[in-house]
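These notes concern the structure reproduced below.
No value in this document is a laboratory result; all are computed from the given coordinates. Every value quoted in this text rests on a predicted model; they were computed, and no experiment measured them. Virtual Cβ from ideal backbone geometry, glycine too; neighbours counted across all protein chains shown.
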Amino acid sequence: MIVDNTSKKDVVIEPKYINSLILFQQKIKEIEESRFFNFYFITSKNVHLSITAKKLDAEWIGTCSLNEPNEELIKAFILSFRFFIQGNENCSIKQIGDNVIPNIETFFPEQAKNIKNLRKRLNEYLDKTSNIHFKFKLGQRNIEFKSNREIKEIFIFGHYAHASSKNDKKWIYDYIHQNSNKGTNRIKRNLFRASAISILITLTNFVRSISLEIRKILDKIVDINIFQAEVALKNGNIKLCEKRYKNAIFIANALGEKEMRASIYLKLKSVYIKTNNTDKVKIYQRKYEEVKDSFHYLPEGFWGDDYYRNKFSLPDEYNRVLDEILDNREEFQDIPIIVLPIEKIHQLRRFEKLIIAKNFKVEVKAENIILYYEQIISKDHERSYWAHQKFEFNKNNEYVCRFPFIDDSGVVFLTNSKSLFSKWFLSWIVIRELIQSSGLNYVFLQRYVDYLVDIELENEINLDVFNRMRAIKNSSSLTYSIKGPEMINLHFNSLRRVLEPILEISTFPRLKTIVELDPDMDYIKIHIIEPFLKQKFKGLKWVSMSFKIILYIYITGNHQIIEEINDDFFSKLYEISKIIKSKPVSSEFFEEFFKFCDKYIQEYISNQGDPQLKKAWYNKGSASYILEQYNEAIEYFGKAVEIDPNDKHSWFYQGMCFFKIEEFNQSIQCYQKVLEIDSNDKQVWFYKGLSFYRLERYNNSIECYNSALESNPKDSQIWFYKGVSSHLLNDYEYALECFNKVIKFDPEFLDAWNKKAVVYYDLEEFPKAIVCCEKVIKIEPNNKQALYNMGISLLNLEKYNQAIQIFEKTIKIYPDFRQARNKLGFSLCKIKEFDKALKIFEDLLEMDPNDSDALINKGNCFYSLKQDKDAIVCYDKILNINPDNKFAWYNKGLALLDIGQFQQALDCYNKSLDIDPVYIDALINRGNSNCCLYKYELGIMDYDRALEIKPDNSKALYNKMKAFIHLEKYENALECTTQFLSNDKNDKNVWFEAGFINYRLKRLGKALEFYEEALKLDPQYMEAINNIGIIYAEKKEFNKAILQYNKALKIEPNLKEILYNKGFALDKLGRFTEAIENLDLALTIAPKYKEAWSLKGVLLGKIEKYQESIKSFEEVLRLDPNDIHALDNAAISYLKSGQYKVADKIFREVYQFDKDKGKFNYNQASLASLKKEPQKAINCLNLAISDDEKYRRMAVEDLDFLNIKDLDGFQALTT
């Protein structure tokens, strides 16, 4: 059925199909954001294979080059791409085609049809014969493959994804790549890789086409959910309405459609406005604002959005300024005029896609604030050229910085001053009108200045680009007037202002030659005119000097200078300047001035030297480097060094190009060439070190930094990177030494303080890490990294409330800082604020359902709440996204262990250890799982493996000891305690276990010593006190035992075991009534305490309360019908109370269970004696003694035999 409004309400799509489609889109996004994709789809546009070869004496010689990114970029791309081609993945093309599309094509027939066709064409392409046919011999086997599918399989599964030595594909891949730098092997390798990468690029295009169809389906599903929500609202079903809207939000969020989410939140808000649910209204208003504030960059047209317009509207005091200086304020109503103080620099960053600046960073030095940023100085189609800028001001004074929009449609002021705002605003609108009246904008106007700079620096200029840029745009200029005393009158006495707007706009670092507002005529004559007459200047410097000379001529009236200057261009410029003599600047002046610039620049281009010269190639390379066209620049610099192999500048910049495209091995080779020419070039040593650093060859990078430091031992930046490399080599002490050097040379080098904090964090010296963070925050209060590092350090010190304050502050400044939000939730869990924590994790997951940190923290939160099944659901979601997440497997194991699913927990730890075989916590918990399954030997093996990795791991050693105790291998367990205590004597539990082990080994004196050591660490250690009592009882020192039990009961009055032990000791001292009182207390606490009922029964028998004794034993038998001792003792109580028949019956029942003839005959003898059957009594006693001699001793003291003790037969048996 085709979905229309009448059928939308009936559409139901299973979540699993939606999730597969969403996952497909998310993987596409990963691919399109990869640097491999950027390399081939944006930078290079294609695969370029170049072969130059000839045969010489039966050997092939020549070159073979292939443009390809480094291995890591290819591998990262394929790890995402494999999700589409591995059939078992939920988002694979096979799963989408076989399982998802057939179940939803009824609703989306057009898209389903297109996807089927694309899949068919993709398979046809894979089965097609490749342009290159590979055939060779591998051992005894003839290998041949020629289809695109075969090449793809070997390339991907032979090396990058799940490659195995048992796999033919790996053998073939390795054969193709062996000795690939030699002779024909290089050609073989590059041919194969060019074919494979071309196939991969084609497959990517197919997958992207499928993605476009899937996106249409998901958009329609969102539309369906919104429609169903509106229907539910009309029907009064608010719950269903909210559910449908949330379904739409989930999809919109997964697709990264923030505007769509925001609009749905507004719909939900309106739903609850209608139902007067103010709490829900507040919730959805907050969510709406969070989404709007989460845009890292504001979109074009943001001023038409009421939310942003209100958020960034001018404060009242600045509105009043505009009212004072403008005749018609309403003409500027639709122009964004934003004013922000320096404290809101984070808001300025949101304008970076609109204004002429980006990458803002604030540094505080003593009383001064430094604003660093990059400003655009030229733009050509998709490419821009940015220059680093620095604006420094005293924080106690007034300041202003102006950032116009690139298309002049608005302006942002960073200021704290109404007067400076007024002045700079007026300046902006003057410049804006001048520019727009010529049909240009800021960037194009800057381009004129930029070309003049290029001429001055002797850089090559691309005439085609220049002519395209010069095309005048049609645009209407604004009309307005300026009133009041600040009216600007641009007349000939202010000729300097003609050039000033141009120079003011472009803040290229070299453009410092601004015409003075109050020029010194003598200075101009000596320092400008005289040098100008003696030598030839070019570019911007020529223009600047020319204007100053013209200014000098007008002010002094000295026209003789014109005759001394033999320069046609100067004469033309002088003629142009007459246009504005004694009147304001007009569009006529700018038109003539631009024509002059055109001619000046074009003549320079036409007079450039022979393009074969080294300098021309170098200039061409420099221009390409500036435009970020690095592959072209590499070629041009290569031409330069072919002409002059000793051109170190070309070698260096070729190395920089390789560095920019992350071909670090090649960049190192170029830097080495420079160093062979000039071994003392500090900058080259530094960049060579950075290249080694990016290759993770940290020792090599440090060697290079050392060489760089020889010429300048106080270079903070080099010491900094040396410290970073040392840190990555885990040489923490030397890393600290390096960062201390940096701080010594530059106390306000914030990155050094931050890195020093990280080193201390890794060393678990958290207080020192916090001190470093405080240093940074003192200089730059809103430093993102310092705030975060401080928060996690406080977290590790268990100062959770302080950590929460820091994370809340960080999030307030950086609302999109997901790591800080996750850590805030984690901290709240630690103080048991689980509801708040879960709210944070749910909000994060609403924005990104695949946020693994939020999922794992949410799972941990449920785990802390003992909601283990909910925790497992979270961990499973992570594993569906990334089956290689070792932490998710580990935490799932913890939850399973908690609910007693030991084998499943074991399986999880095995998965975690497959990913990381040295994951110590997983080894320990796998050991714990084995022990829970009574596989103590396997558990010990896991603990031993953990101890091999980290010999001082206390948890592994402790658990190993416990496993040996369970195995009753007490000597081995004792060895563990000895090893543990040699490292840490402050663990009371280990002293306690050592006491227990010695007790088991019957070394009671030693056991007492260890328990006493435990009590020194914790005098209230009740378990140790109790066990000391048990040892005294064992030694039959019952009074001492009772003293210990009394101590324990002061600490924990309601512990049944201690009350029982005390009762046992009192029994041995004959204090039966007191003993019974303690047992009654134990039974009040635990009415089903069988042992207490049993001992109470015995004691009641001793004080001849036989009926009560019988009741106690009956309670034991109710709790455990198979307790033979209780049955036997009950029979004795029946016997003592004269109930002989019952006693005899029970004795016979006991005998049926335990078959103990000696005991049975002894009890029959007692019964016969009490029944005054002497001969039977003597006969039964004789049988009992024949079975076990102990009955002879027992009979002598047993009062049951008083009736026959004087008989000869009894005397004969007992003497």
Read phi for every residue in the range 1091-1102 and hand back ³J(HN,Hα) as whole Hz from Karplus 6.51 cos²θ - 1.76 cosθ + 1.60, θ = phi - 60°, with x for Gly and Pro.
4, 5, 4, 5, 5, 4, x, 4, 5, 5, x, 5
Efficiency by 1/(1 + (r/R0)^6): what FRET value for LYS120 and GLN178, r their Cβ-Cβ distance, R0 = 60 Å, to the nearest 0.05?
0.95
Whether the range 1089-1155 is rounded, prolate or oblate, judged on the alpha carbon gyration tensor where a/c under 1.5 counts as rounded:
oblate
Label point at ASN699 placed 7 Å out along Cα→Cβ; residues across the range 713-742 whose backbone nitrogen lies under 19 Å:
722-735
Report the local net charge at PHE1010: Lys and Arg +1, Asp and Glu -1, summed over other residues whose C-beta lies under 10 Å from its C-beta.
-2
Describe numerically, in nm with one decimal, the distance between label points set 7 Å from Cα along Cα→Cβ at GLU300 and at LYS1157.
10.7
How long, wide and thick is the range 926-1005, going by the Cα atoms along their three principal axes, in whole angstroms, largest first?
36, 26, 16
The simple spin-label model distance between ASN989 and ASP944, using points 7 Å out along Cα→Cβ, in nm, is 2.4
Restricting to Cα pairs under 8 Å and 6 or more apart, the percent relative contact order of the range 1062-1215 works out to 12
May I ask you to sort PHE1201, PHE360 by Cβ crowding, counting other Cβ atoms within 10 Å and putting the fewest first?
PHE360, PHE1201
Order of ARG35, ARG309 - criterion: other Cβ atoms within 10 Å of each residue's Cβ, fewest first:
ARG309, ARG35
Could you list GLU343, GLU150 in order of exposure, starting from the residue whose Cβ has the fewest other Cβ atoms within 10 Å?
GLU343, GLU150
Per its Cα gyration tensor (rounded if a/c is under 1.5, else prolate when a/b beats b/c, else oblate), the range 1159-1215 is best filed as rounded
Taking θ as phi - 60°, what are the ³J(HN,Hα) couplings along the range 656-671 by the Karplus curve (6.51, -1.76, 1.60), each to the nearest whole Hz, with x for Gly and Pro?
5, 5, 4, 4, 5, 9, 6, 9, 6, 4, 5, 5, 4, 4, 5, 4
Evaluate the distance, in nm, between pseudo-label points positioned 7 Å from the Cα of LYS1036 and of ASP323 along their respective Cα→Cβ axes.
10.5
Full-extension gain between GLU1012 and THR106, please, as 0.36 nm times their residue separation minus the C-alpha to C-alpha distance.
318.4 nm
Spatially proximal lysines relative to LYS836 (Cα-Cα < 19 Å; intrachain offsets below 8 disregarded)
LYS280, LYS282, LYS287, LYS799, LYS809, LYS812, LYS823, LYS858, LYS866
Once the in-chain neighbours fewer than 8 apart are removed, the lysines whose Cα is under 22 Å from LYS1088 read LYS1056, LYS1062, LYS1096, LYS1105, LYS1111
On the formula 1/(1 + (r/R0)^6), with r taken between the Cβ atoms of GLN903 and GLU1197 and R0 of 56 Å, the FRET efficiency rounded to 0.05 is 0.55
Under 17 Å from the Cα of LYS778 - aspartates and glutamates, other chains or at least 8 residues apart
GLU343, GLU363, GLU367, ASP746, GLU748, ASP751
Give me the Å³ per residue figure for the convex hull around the C-alpha atoms of the range 270-346.
146
Using θ = phi - 60° and the Karplus form 6.51 cos²θ - 1.76 cosθ + 1.60, what ³J(HN,Hα) does each residue of the range 236-245 get, whole Hz, x for Gly and Pro?
x, 8, 5, 4, 5, 4, 4, 4, 5, 4
Which whole-angstrom value gives the distance between the alpha carbon centres of the range 1084-1151 and the range 1168-1212?
23
Looking at the square roots a ≥ b ≥ c of the eigenvalues of the Cα gyration tensor of the range 801-848, which shape do they give, rounded for a/c under 1.5, prolate if a/b is larger than b/c, or oblate?
oblate
Too-long pairs where the Cα-Cα distance tops 28 Å, listed order kept, from LYS390/LYS755; LYS877/LYS955; LYS94/LYS877; LYS258/LYS395
LYS877/LYS955; LYS258/LYS395
Between the alpha-carbon centers of the range 290-317 and the range 662-736, tell me the distance in whole angstrom.
45
